[in-house]
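The values are calculated or read from the model by the stated rules, or taken from the named source; none is laboratory data. Here the structure is a predicted model, which means the values were calculated and not measured. Here the Cβ positions follow ideal geometry from the backbone for every residue, glycine too, while neighbour counts run over all protein chains shown. SASA here: full protein model, heavy atoms, side chains in, ligands and nucleic acids out. Shrake-Rupley method; radii C 1.70, N 1.55, O 1.52, S 1.80 Å.
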Amino acid sequence: MGDRVAVVGAGLIGGALALLLRRFPLSRLQVVEADATRRRELVDAGLDAVPPEEALDDCDLVFHASASEPGLALALALAGDDADVVELSWFGSPAPQVPLGEDFHSRRLRLVASQVSRVGDARRHRRDPAARLATALDLLSDPAFETLLAGVRPFPAMPAALEELEHDDDLSGCVVLSYPDAQDPETDAPARHP
């Protein structure tokens, strides 16, 4: 409670995280996003979204989700003394340069890896993957998460959807693929949502 938190990068992961964090009684939650269209969408969803040059520093906790070296450098710069920076990005095979010189050590910052494939150690004895999935699906029922989606495309149109993602600069958000023969388990009727 009362923490100053920043999320750097507001794609699907950073945007979803920010929408979840807005439920906590924080002193400040700021989403740092370079793309003006995405910032407007997040502001419309009730978040404080700013360009990198307007980001406030001295944060207690910073989440990095931009998958870029400049974003990681900014996340470290926004962290206050003794703060944690949680790395959510997956860089793949390229090794990013991380600015661990300057005042990284004197400010006693911690760069922490996020865990994604299992229930965290602190909850593993009380929650299994099915319970974690049920909680996630319940949280995602909030209509604000629709902000992160770019629309639904039928699965057979995947090649065209990939082409659209590659060439449409105005398309922001995650494209959802729907499966035509998916069934709603409760009614045994075709699923209305992908």
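Structure values in brief
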| quantity | calculated |
| --- | --- |
| Lone qualifier among Arg118, Arg108 - being touching a strand residue (DSSP E or B) at 6+ places or on another chain (Cβ under 6 Å) and farther than 20 Å from Glu69 by Cα | Arg108 |
| Tabulated pairs, the stretch 113-140, first under 23 Å from Val62 (Cβ atoms), second β-branched (Val, Ile, Thr), C-beta under 9 angstrom, 6+ apart or interchain | Ala113/Val86; Ser114/Val86 |
| Per-region count, the stretch 94-112, residues of a type in the set (Gly, Ala, Ser) and modelled with pLDDT under 90 | 2 |
| Counted residues, the stretch 12-38 - those being part of a loop (DSSP other than H, G, I, E, B) and either touching a Lys or Arg at 6+ places or on another chain (Cβ under 6 Å) or touching a residue at least 60 places away in the same chain (Cβ under 8 Å) (or both) | 3 |
| Filtered residue count, the stretch 90-119, keeping only those that are closer than 23 Å to Arg23 by Cβ, loosely packed, with under 11 Cβ neighbours inside 10 Å and not polar (S, T, N, Q) | 1 |
| Breaking point among (1) closer than 27 Å to Leu139 by Cα; (2) touching a Lys or Arg at 6+ places or on another chain (Cβ under 8 Å); (3) not basic (Lys, Arg), for His64 | (2) |
| Count - residues of the stretch 1-22 that are open to solvent by 10 Å² or more (accessible area, probe 1.4 Å), under 8 Å from the mean Cα position of the chain (by Cα) and more than 19 Å from Leu137 (Cβ to Cβ) | 1 |
| Where Thr135 falls short, out of the listed (1) open to solvent by less than 70 Å² (accessible area, probe 1.4 Å); (2) over 18 Å from Val86 (Cβ atoms); (3) of a type in the set (Ser, Thr, Tyr) | (1) |
| Long-range neighbours under 8 Å by Cβ, at least six apart or interchain, first residue surrounded by 10 or more Cβ atoms within 10 Å (Cβ to Cβ) within the stretch 166-187, second among the hydroxyl-bearing types (Ser, Thr, Tyr) and modelled with pLDDT of 65 or more | Ser172/Thr37; Gly173/Thr147 |
| In the stretch 23-38, the residues that are charged (D, E, K, R), modelled with pLDDT under 95 and either more than 15 Å from the chain's Cα centre (by Cα) or open to solvent by 20 Å² or more (accessible area, probe 1.4 Å) (or both) | Arg23, Asp35 |
| Candidate set: the stretch 39-89, residues that are assigned to a loop (DSSP other than H, G, I, E, B) and farther than 21 Å from Gly173 by Cα; chosen: the one least open to solvent (accessible area, probe 1.4 Å) | Ala55 |
| Long-range neighbours under 9 Å by Cβ, at least six apart or interchain, first residue on the phi > 0 side of the Ramachandran plot within the stretch 92-107, second open to solvent by 50 Å² or more (accessible area, probe 1.4 Å) and in a loop (DSSP other than H, G, I, E, B) | Gly92/Ala67 |
